[in-house]
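To keep things clear, I will list the structure first and then write my remarks on it.
The values are calculated or read from the model by the stated rules, or taken from the named source; none is laboratory data. What you see is a predicted model; the values in this text were computed from it and never measured. As a convention, Cβ positions derive from the backbone with ideal geometry for all residues, glycine included, and neighbour counts pool all protein chains shown.
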Amino acid sequence: MELNDVVRKIKKLLAVAEDPSASDQEIQLAAYRAEKLMFKYKLDRKDIIEKENSSKNVEEYYFDKKYTAYLLWTLNHVAKYCQTKAFKDGKMNSKVYLGIIGFTDDITLCKEIALPILDYMEEALLDLKECYIGNIDFRIFKRNWCEGFASGIKTQLDKGFIELKEEEKFEVSIIDLHPTVKAYVENALISKTSHFKRNSNEGYELGIAMGSKYNFMNKKGIE
């Protein structure tokens, strides 16, 4: 494992160890793992702070192609777990560019997790549209499916299913945005809340089912 990856991992573990909302067991385990890594790689907290401060430039990353704007809801959940902030450039009922705001390492982690999910969702929406025979406008069905899928992904994240043991680069911690990132977001983004009345429980339930079964270990998202 490269030194930068080690430092990033230690930073996240220390953040959990200092998080007042974490359980005693989570705090103890995170502190133990952080100390073990620092001993193994001959690092101390001063080294971690120096490396952290040397790379604290907030960046904006845009995914290369446009996506259905409702995919932002899923990206929001993934971004939160990577200490980044998701955003969109465009109207909610159209194709838009999606992006992430955060520090370089956290953006890299987020896009590696999120990109396969976004592509999977776009492909699934194309398939659903092709075979759709519902009574309501497919655009409404699509919106509610995306809402459900986001809920399914959130359920997986909340339960810790994303703890991919084979690839340490995917280790994430549930903590708030870094103050520097939060200040950048507050200055750069205009926060808007979307209020939709759910018109298709069928679409929502199908979305939940597919999001809950999404396979993070498989790039295609299926078993």
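The listed residues are Ile117, Ile100, and the only one of them that is under 26 Å from Glu18 (Cα atoms), at pLDDT 95 or above and among the aliphatic types (A, V, I, L, M) turns out to be Ile100.
Among the residues of this structure, Gly221 counts as one that is part of a loop (DSSP other than H, G, I, E, B), at pLDDT below 90, within 18 Å of the chain's Cα centre (by Cα) and of a type in the set (Gly, Ala, Ser). The set of residues from segment 114-140 being within 24 Å of the chain's Cα centre (by Cα) and among the charged types (D, E, K, R) comprises Asp119, Glu122, Glu123. Candidates in segment 95-152 are the residues that are in a helix (DSSP H, G or I) and in contact with an Asp or Glu (Cβ under 7 Å, 6 or more places away or on another chain); of these, the one that is surrounded by the most Cβ atoms within 10 Å (Cβ to Cβ) is Gly148. Residues in segment 62-113 that are without any contact (Cβ under 8 Å) to a residue 60 or more places away in the chain, polar (S, T, N, Q) and closer than 27 Å to Asn4 by Cβ: Thr104, Thr108. Considering segment 1-90, the qualifying helices (runs of 4 or more DSSP H), each wholly inside and each with 2 or more residues that are farther than 22 Å from Ile117 by Cα, at pLDDT below 80 and out of contact with any Cys (no Cβ under 9 Å at 6 or more places or on another chain), run over 3-17, 45-54.
The residue that is farthest from Arg143 (Cα to Cα), among those in segment 58-111 that are among the small types (Gly, Ala, Ser) and touching a Ser or Thr at 6+ places or on another chain (Cβ under 7 Å), is Gly102.
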